[in-house]
Amino acid sequence: MILLLGVTAQGAGQQIIYPREYFTKIELAPSALSEYHFPISSANPDAQAYFDQGMQLHFSFAKLDAARSFRQAQLTDPQCAMCFWGEALAWGPNLNGPMTVRESSRANHAISEAIRLSGQASRKEAELIEALSLRYVADYSFEFAEHQDRAYTLAMADLANDYSDDIDIASLYSEALYLLTPRPGVAFFGTPQYQGIKESLEGTLQNGPHIGACHLYIHLVATTSDAPLALDCARSLADSLPGVSHMLHMPTHLWTKFGMWDEAVQSSVAAVAVDQDKDSPAAFSSMPHHNLQMLNFAAAMDGQQALALSASQGLGELTGSFIPHFLTLIRFGRFDEIDPNAPLPESPTEIGIGLFVQGYAALKKGNPELADRYANLLAVRMQSSGDRYRGIDSQLVLSSLHELLEGEIHMAKGETQLAIQHFVHSTEYYDRFNHTEPEAFPFTPRHWLGSAYLESEAFELAEDVFRTELLQHPNSGWTLFGLMQALEGSGQTKAFKDVERLFAEAWSRSDLELHSVKF
């Protein structure tokens, strides 16, 4: 739902399209935020409070709520130049996406108002307004936006140098520098661009924790070997903004990397609770589907069956795709809850995943012939799909699942060695997946491979598989249980006792009694 607002910007008539919510008054919500303060030239304490709220929401990527806060600051103090600067900042790009044409027109109008009022601003504020004006043009085009973004970044570099003790300017400069890159993955690690952004953020954080710099720092290093450096930032964000779901969620990117499953679940539960309370004035919801994804993955890895299933069910209701829920049912062996008549989704890759789910469930419910038919259908789908799933090439996703299903079909026939070959192939495809957060499956094929080695009493090979898996997902109770079985089978009593203690701790939050690492 949108409203059209006719305004005049930079001397040319424009119609600027705003979301309907933009015109709804936003309340101050100090209980949802931190004690952050960015002093501006306004004698009105409410304008200052709304500005501070807007900046925190901007640093949290809560674009619309940030813009609403800055608008309320403007209404409270119409002569506040920085209140318009803040709105212009809010409509700009962030790491989750570029600025759109509609957002550009809003930003351009806001910065024009800030320029008009800049004579009443301080020198520093006027310089910030001038710098941000370089980012926005009347006729925005994403194709040429890099030129404006680069000009803004250069201006912010000068300001960061001139005001070296201003942690907000330093954080804004780091943000601008980061936005000059494509959204990076692991391949970005170690490049001069990466190093420059890292040094800028670390220089900012030397002056103390900052919500914007910490947010960006986690994004930058979470997938790299530098990830431990962001643990302090993760702990800081976990406590700083209790009413902002995205900031509550951000530490989970580190908790899952280091196998801190309890912390990952708690952070995700807190984020989802804010999303569910989104109509409260003290709750700022952002990317609720992603928060449910992370909760589903963390709870599944932690053996918290009820919570993982609740999250995947909620994700299906929110997005319309119940594929994550069906995969979670597979993870926990709840085959009777997989409806054989469930309609397949529209996405080509999700159709293939649905074939895997139905085939696996049919096998476990005693119908190997039907499982074979589903495996054959999946093989055809696997070859023809040019789709992607969660950013991963569909042929890799479907090939991994097809090999997993074929392996389990051979296991049911007692053909363990043939099954092992399929599980090895499934793992090889899985290891070629692009990095995604959370991962594509709430399980790993290595659990099937390790279990097959246990079945064939190849205990040393099973131990190697489970130890390798622990490098991928530390402190996983599933994997520790498999490792216990391998160590017990090979008679390594002391090592077994050591891992048994680790398993007891890792599985202490689970509502599931394990007898195997897979069902």
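Read-outs: derived from the displayed coordinates by stated rules, not from any lab. Every value quoted in this text rests on a predicted model; they were computed, and no experiment measured them. So basically every Cβ, Gly included, is an ideal-geometry build from the backbone, and we count neighbours across all protein chains shown.
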- In nm, to one decimal, how far is the modelled label at residue 100 from the one at residue 130, with both set 7 Å along Cα→Cβ? 3.4 nm
- Query: What dipole magnitude, in Debye to the nearest 20, does the stretch 393-515 give about its Cα centre under +1 on Lys/Arg Cβ and -1 on Asp/Glu Cβ?
  - Reply: 220 debye
- Query: Cα extents of the chain along the three principal axes, largest first, in whole Å?
  - Reply: 82, 49, 41
- Excluding residues fewer than 8 positions from residue 63 in its own chain, the lysines with Cα under 22 Å of it are 25, 278
- Return the sequence-ordered ³J(HN,Hα) values of the stretch 464-472 in whole Hz as given by the Karplus equation 6.51 cos²θ - 1.76 cosθ + 1.60 applied to θ = phi - 60°, using x for Gly and Pro. 5, 4, 6, 5, 5, 5, 5, 5, 7
- For residue 28, distant residues with modelled amide H under 5 Å away: none
- Query: Considering amide H positions built from the backbone, and no H for Pro or chain starts, which residues 5 or more places from residue 434, or on another chain, come under 5 Å of its amide H?
  - Reply: 393
- Query: Using θ = phi - 60° and the Karplus form 6.51 cos²θ - 1.76 cosθ + 1.60, what ³J(HN,Hα) does each residue of the stretch 270-283 get, whole Hz, x for Gly and Pro?
  - Reply: 5, 5, 5, 4, 5, 4, 6, 9, 4, 7, 6, x, 9, 10
- Packing-based ranking, highest mean first, of 337-343, 94-100, 166-172 given that Cβ atoms within 10 Å are counted: 166-172, 94-100, 337-343
- Task: Restrict the search to the stretch 231-330; then list the trypsin sites (Lys or Arg not before Pro) that DSSP places in a loop and that have at most 12 other Cβ atoms within 10 Å of their Cβ.
- Result: 278
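Working out 0.36 nm times the residue gap between residue 75 and residue 239, then minus their Cα-Cα distance, what length gain in nm do you get to one decimal? Intermediate results must be reported in sequence, preceding the final value.
Details: separation 164, 0.36 × 164 = 59.04 nm, distance 3.10 nm.
Residue separation times 0.36 nm, minus the Cα-Cα distance, leaves 55.9 nm.
I'd like the FRET efficiency for residue 157 and residue 28, computed as 1/(1 + (r/R0)^6) with the beta carbon distance as r and R0 of 22 Å, rounded to 0.05. Mind showing how you got there, number by number?
Numbers: r = 33 Å, r/R0 = 1.52.
Approximately 0.10, to the nearest 0.05.
Under a Cβ-only charge scheme (Lys and Arg +1, Asp and Glu -1), can you give me the dipole magnitude of the chain about the Cα centre, in debye to the nearest 20?
Working: 34 positive and 64 negative charges, 138 e Å.
About 660 debye.
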- Task: Could you calculate the contour length gain from residue 122 to residue 417, that is, 0.36 nm times the residue separation minus the distance between their Cα atoms, to one decimal place in nm?
- Result: 98.6 nm
- Label point distance in nm, residue 334-residue 515, each placed 7 Å from Cα along Cα→Cβ: 1.9 nm
- List the lysines whose Cα lies under 18 Å from the Cα of residue 364, skipping any in the same chain that are fewer than 8 positions away. 413, 518
- What nm value, rounded to one decimal, do you get for the distance between residue 467 and residue 321 when each label is placed 7 Å out toward the C-beta? 3.8 nm
- Given backbone amide H placed at 1.01 Å from N, residues whose amide H is under 5 Å from that of residue 389, ignoring those fewer than 5 places away on the same chain, are 394
- Item | Segment residue 488-residue 150, extension gain: residue separation times 0.36 nm, minus the distance between their alpha carbons | 115.7 nm
- Highest mean first, what order results for 150-162, 501-513 on Cβ atoms within 10 Å? 150-162, 501-513
- For the stretch 318-324, 3J(HN,Hα) per residue [Karplus equation, 6.51 cos²θ - 1.76 cosθ + 1.60, θ = phi - 60°, Hz, x = Gly/Pro]: 6, 9, x, 10, 9, 4, x
- Compute the FRET efficiency between residue 436 and residue 43 as 1/(1 + (r/R0)^6), taking r as their Cβ-Cβ distance and R0 = 35 Å, and round to the nearest 0.05. 0.10
- Query: Toward the positive end of the charge dipole of the stretch 198-274, about the Cα centre and with charges on Cβ (Lys, Arg +1; Asp, Glu -1), which of 229, 255, 271 goes farthest?
  - Reply: 271
